[in-house]
Amino acid sequence: MMTEGMQIRVLVAKPGLDGHDRGAKVIARALRDAGMEVIYTGLRQTPEQIVEAALQEDVDVIGLSCLSGAHNHLFAQVIELLKKHHAEDILVVGGGVIPEEDIPLLKAQGVKEIFTPGTGTLAVVEYIKKHALPR
Amino acid sequence: MLCLDNLRERFLQGNMRALAQSISLVEDNPELGAKLFSLLGQPQGNPRIIGVTGPPGAGKSTLTAKLALALLARGERVALLLIDPSSPFSGGAILGDRIRMHELSGLSDVYIRSLSTRGSLGGLSAATARVLRLLQHGNFSTIILETVGTGQAETDVVMAVDAVVVVAVPGLGDDIQAMKAGIMEIADVFVVNKADRDGADRTKLQIEAMLGMQEGRRVHPIQVLPTIATTGYGVAELTQALDDHFAYVEQSGELARRREKRWHKEFSAYVANILLGDFFSWANRQDIGIMANAEWGEIEVYGLAKKATAQYFTERMKRHVEED
Ligand code: B12
Ligand SMILES: Nc1nc2c(ncn2[C@@H]2O[C@H](COP(=O)(O)OP(=O)(O)O)[C@@H](O)[C@H]2O)c(=O)[nH]1
Ligand SMILES: [Mg+2]
């Protein structure tokens, strides 16, 4: 299959010390199967490393996965660093074990959507297809 | 939509995001890419391009990172291009080579980019040549290209780079025999990675014996180096072997010949693409699609293709004469 032309590029990243990577891998595969190019950088990434990879890879979307409970702190740092690099145009979404009550705060910070355990991958694919900015 | 003048401006100022966006532009769209290239003019630098190839899991990514570190340590600026295969079903891809590159994060003189093959076989993507040319504007002294894991047929890399490093691992046994087909011939430097495992010496000897069989075809002896990419063992020797290779090919004129061949290959690929595109847009405009035209009375495909092409050229010529 020849696929020259635009393709949505997504960085799937695991910030912090959290070692739960099943969800991130499930999402990475689902996005690939939906025709996207997914850069997966593995476990234990600092927000600096995540933003550096996102800029070098020219991704349209950053997907953060966190099940350890450190999401508030880590997601906010990623958003801050993106602002610092004038890269707020990159869509940031998150997923993992994230309590309902934290979601409004995360959204106010600039995480556009949060997907909690049990979300179907199709919902994630559709959200990204709809909201990723065309290049 | 990006403004090309603005992109060029930021690119030439050394803005990393502009470099990344330029690569996407050139990768996605050869037309816009051509415009950007004309704005950029002649590349300033003349980077050495090194290809790293070998079977999946051999340690190509780990070794590439270590090689980059060694080059950075001597003051080089390095770009890494990491290719992974696209899914034949969805066209999507998971690009995971960066997992082995964490040691390079936070360093300012290195740029890392992952590319999908986007459906092309042969270990590289159709856009790789363009992206490599773009990187020549990026003030790098070395570019390292990691191919997708080679089976055996994926020997495109040899046309894309100045030096090919083939990574093997101990205990391949029969696989080494299989690697002979194609992959053996393309190495400028051989690496037996995972030398911490049993059998590295034997594998080195096997490879040397096989290289010996093709003696005479190469003037410049090919080194077979044991490495342990996870620790960095052997990387200094690899760097030295690459320096030796470049000294040799620069002096012998082979480097210039390789680069000329590379230019020619990219050029012919575009000509083929443009012609094919024009042919099919003509064929589809025929009243009855050429492909389905019973008049041809032809089921022999080669013969049909020849006839259709001949008619295409005749009508194209006519139109040119009329237009003049
Ligand atoms: C499996 C599991 C493990 C496995 C992990 C295996 C692995 N490699 O991933 C093992 C056994 C190793 C493990 C260990 C631990 N675990 Co555990 N683990 C779980 C468990 C049961 C399921 C997680 C899972 O894999 N789910 C399946 C995947 C597919 O779902 P998911 O990750 O939620 O992803 C979905 C969505 O969240 C979303 N999503 C996730 N990421 C992303 C990213 C993007 C971009 C998007 C769009 C969507 C998205 O989409 C996915 C699909 O629906 C959870 C409980 C639970 N029910 O969640 C606890 C849980 C996460 N673990 C927990 C804990 C405490 C631990 C340990 C600290 C236990 C210990 N004391 O040792 C260790 C720490 C390990 C470490 N190094 O970090 C706690 C976390 C508590 C918290 N957040 O406050 C949980 C919640 C259990 C609990 N109720 O206490 N764990
Ligand atoms: N024991 C050992 N493992 C290695 C060595 N080099 C790489 N690896 C491991 O081999 C696996 C594959 O490495 P990777 O660089 O991704 O291989 P690639 O698929 O060829 O790019 C990883 O788990 C590495 O840590 C080595 O020299 N010795
Ligand atoms: Mg690799």
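The values are calculated or read from the model by the stated rules, or taken from the named source; none is laboratory data. A quick note: this is a predicted structure, and the numbers were derived from the prediction, not measured. Neighbour counts run over all protein chains shown; Cβ positions are idealised from the backbone, glycine included. Just so you know, the surface numbers come from the protein's heavy atoms only, side chains and all, with ligands and any DNA or RNA stripped out. Shrake-Rupley method; radii C 1.70, N 1.55, O 1.52, S 1.80 Å.
Accessible area of residue B:62, 1.4 Å probe, to the nearest 10 Å²?
In the full protein context, residue B:62 sits at about 30 Å².
Report the extension gain between residue B:285 and residue B:12 in nm, rounded to one decimal, defined as 0.36 nm multiplied by the number of residues separating them, less their alpha carbon distance. Could you put the intermediate results ahead of the total?
Values: separation 273, 0.36 × 273 = 98.28 nm, distance 4.40 nm.
Additional length available on full extension: 93.9 nm.
Return the calculated 222 nm mean residue ellipticity for the protein assembly as shown, to the nearest 500 deg cm²/dmol, obtained by summing -39500 (n - 2.57) across DSSP H runs with n ≥ 4 and dividing by the residue count.
Details: 17 runs with 211 residues, N = 459.
About -14500 deg cm²/dmol.
In the protein assembly as shown, carbon and sulfur make up what percent of the accessible area (probe 1.4 Å)?
57
Taking a cut-off of 21 Å between Cα atoms, list the lysines near residue A:107, but don't count ones fewer than 8 places away on the same chain.
Of all the lysines, those that pass the test against residue A:107 - Cα under 21 Å, at least 8 places apart if same chain - are A:14, A:83, A:84, A:129, A:130.
Just to be sure I understand: if you take the accessible area of chain B alone plus chain A alone and subtract the pair, with a 1.4 Å probe, what total do you get in Å², rounded to 100?
Values: alone 17270 and 7540 Å², together 21910 Å².
The B and A chains share an interface burying roughly 2900 Å².
About its Cα centre, what dipole magnitude does segment B:1-41 give when the only charges are +1 on Lys and Arg Cβ and -1 on Asp and Glu Cβ, stated in debye to the nearest 20?
Result for segment B:1-41 is approximately 140 debye, rounded to the nearest 20.
So for chain B: antiparallel DSSP bridges make up what percent, rounded to the nearest 5?
5
What relative contact order, as a whole-number percentage, does segment A:43-129 give when Cα pairs under 8 Å and 6 or more residues apart are counted?
Relative contact order of segment A:43-129: 30 percent.
Taking amide hydrogens as modeled 1.01 Å from N in the peptide plane, which residues meet the under 5 Å criterion relative to residue A:39, leaving out close sequence neighbours?
Residues meeting the criterion, in which the H sits 1.01 Å from N, are A:10, A:11, A:12, B:95.
How shielded is A:28-40 by partner chains, expressed as the average number of their Cβ atoms within 10 Å of its Cβ atoms?
6
With every protein chain present, what is the per residue accessible area of segment B:1-41 (1.4 Å probe, Å²)?
Accessible area per residue: 48 Å².
Please work out how much accessible surface residue B:276 shows to a 1.4 Å probe, ignoring ligands, DNA and RNA, in Å² rounded to 10.
100
Once phi is turned into θ = phi - 60°, what whole-Hz ³J(HN,Hα) does the Karplus curve with 6.51, -1.76 and 1.60 give for every residue of segment A:64-69, x standing for Gly and Pro?
Computed from phi, the couplings for segment A:64-69 are 9, 10, 8, 10, 8, x Hz.
For peptide B:112-120, how many partner chain Cβ atoms fall within 10 Å of a residue's Cβ, on average?
What the average comes to for B:112-120 is 5.
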